[in-house]
1. Can you pull the one-decimal nm distance between simple spin-label points at ALA131 and LEU179, each 7 Å off the Cα toward Cβ?
2. For a footprinting-style exposure proxy, rank VAL142, VAL277 by other Cβ within 10 Å, fewest first.
3. Using a simple spin-label model with points 7 Å from Cα along the Cα→Cβ vector, what separation in nm is obtained for ASP217 and LEU164?
4. So if we plug the beta-carbon distance of ARG85 and GLU35 into 1/(1 + (r/R0)^6) with R0 = 25 Å, what FRET efficiency do we get, rounded to 0.05?
5. Enumerate the calculated ³J(HN,Hα) couplings along the stretch 40-45 in order (Karplus 6.51 cos²θ - 1.76 cosθ + 1.60, θ = phi - 60°), each rounded to whole Hz, writing x wherever the residue is Gly or Pro.
6. In whole Hz and in residue order, list the ³J(HN,Hα) couplings for the stretch 294-307 that follow from phi through the Karplus curve 6.51 cos²θ - 1.76 cosθ + 1.60, θ = phi - 60°; x for Gly and Pro.
7. Could you please rank THR182, THR37, placing first whichever residue has the fewest other Cβ atoms within 10 Å of its Cβ?
8. Would you grab the residues whose amide H sits under 5 Å from the one on ASN309? Only those 5+ places off in sequence or on another chain, please, with H modelled 1.01 Å from N.
Amino acid sequence: MCERATATNRILCCVLGVLVLVLADSMRPADGDLEPTFSTEMTIESLASENDVSPRQLLNALSVHNTCAWELPQGVDLTYLPVDRDHWMAALETLHAERHSSRSALAYALMVVCVSAALLLILPRKVSRSARFLALVGTVLVFGVILGGLPNPMDAFVRFLKALAGHESNAVVIALGLLVFTALSLLGSKLVCGWVCPFGALQELLFALPLLKRKRDFKLPFMISIGCRILVLIAAIMFLFGLAVAPTELSIYEQADPFRLFSPAQMTGMIAGALMVILILSSVLFRPFCQILCPFGIYSWLLENVAANRPRLDQSRCTKCEKCVKACPTQAMQGVHAGGSEFFRPGCWACGACVSACPEDAVAFTLDSSSTDGSAKREVEERADQTEK
């Protein structure tokens, strides 16, 4: 990567750092807003209003602990409802923690640091399998086990859609959170998904296990991948905006949110079953949830088309050995290697496998094509001059 491209990326990372500071400040609880408000003399509507959440948010959080939550009348005092006080408090504390969490602010800050490190220190070089493996383990431990599944790009995207539908309060914080994910995705192709998403990292670790020697020969066709994600997202949006009838008034992603794996208290039978299927598939297919179901994956794929840093191929160096295509766990490098339009190619997860596999250093995860093409062309011209002499 040329010095100008590196300097530009450093500036962009600093700007993102400032944005995260603004988001962290907005997450800081105000005076008098440190504990949930609760009284058995309240109704569901008044309880939600006192805690600055919508009734749907409250019932959604309660449904984790009480399966009959959506059948409760909203205008009756809580005293007369068949729900324990502990369940109400658990639901309120969950919502309160989501809105006012120093852990969330820390997760966003660490996310920017890790993405910046990946972009500036790791991806410009060849990434060994052991280094990639350690990075994935660190992502699962830090963002998954320690921070409880934060950051959650899928949740940020879905909550933004819910805010548009009027089902979320505190829309400014939600919008700022999605803005950070958007900015990081514009900085580099799926940098968030590839380097700081704990559930994505867990899937990739399972895929790395040597269970089937020839499993990497199969790559999910991109049209199937993007088609499935679009269909599921459309169905979720229809339920969310009342365009279809949903029995429990919940979106698809709330019923099977895989990030709850890192928050056992929020685990349900449906989520546990979905997780088992996804994790089994992960042993034979690269990031199945990311490729087939994740709504943020569609959003970040659209942003890939205008992302500053992405895999680029220096045609003057390329010997057509296609080692980069074979090393890529998806069809991303197949699209890059084929040439043609740079838009709407198969999604890349910024794993760096293509860069490491190329023996001619023809592949680079870089800011623009000129940063590799120009230097390569100069080297070719110099070699030609030396040959003539």
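Bear in mind these aren't lab numbers, they're just calculated from the coordinates by the rules spelled out. All values reported here derive from a predicted model rather than from experimental measurement. Cβ: placed from backbone, ideal geometry, glycine included. Neighbour counts: every protein chain shown.
1. With each label point 7 Å from Cα toward Cβ, the separation is 3.4 nm.
2. Numbers: VAL142 17, VAL277 12.
Going from sparsest to densest Cβ surroundings: VAL277, VAL142.
3. With each label point 7 Å from Cα toward Cβ, the separation is 4.3 nm.
4. Details: r = 15 Å, r/R0 = 0.58.
In this case the efficiency is close to 0.95.
5. Each residue of the stretch 40-45 in turn: 5, 7, 7, 9, 4, 5 Hz.
6. Per-residue couplings from phi come out as 4, x, 5, x, 5, 4, 5, 5, 5, 5, 4, 5, 10, 5 Hz.
7. Details: THR182 19, THR37 15.
The most exposed by this proxy come first: THR37, THR182.
8. Distant-sequence amide H within range of ASN309: GLY188, SER189.
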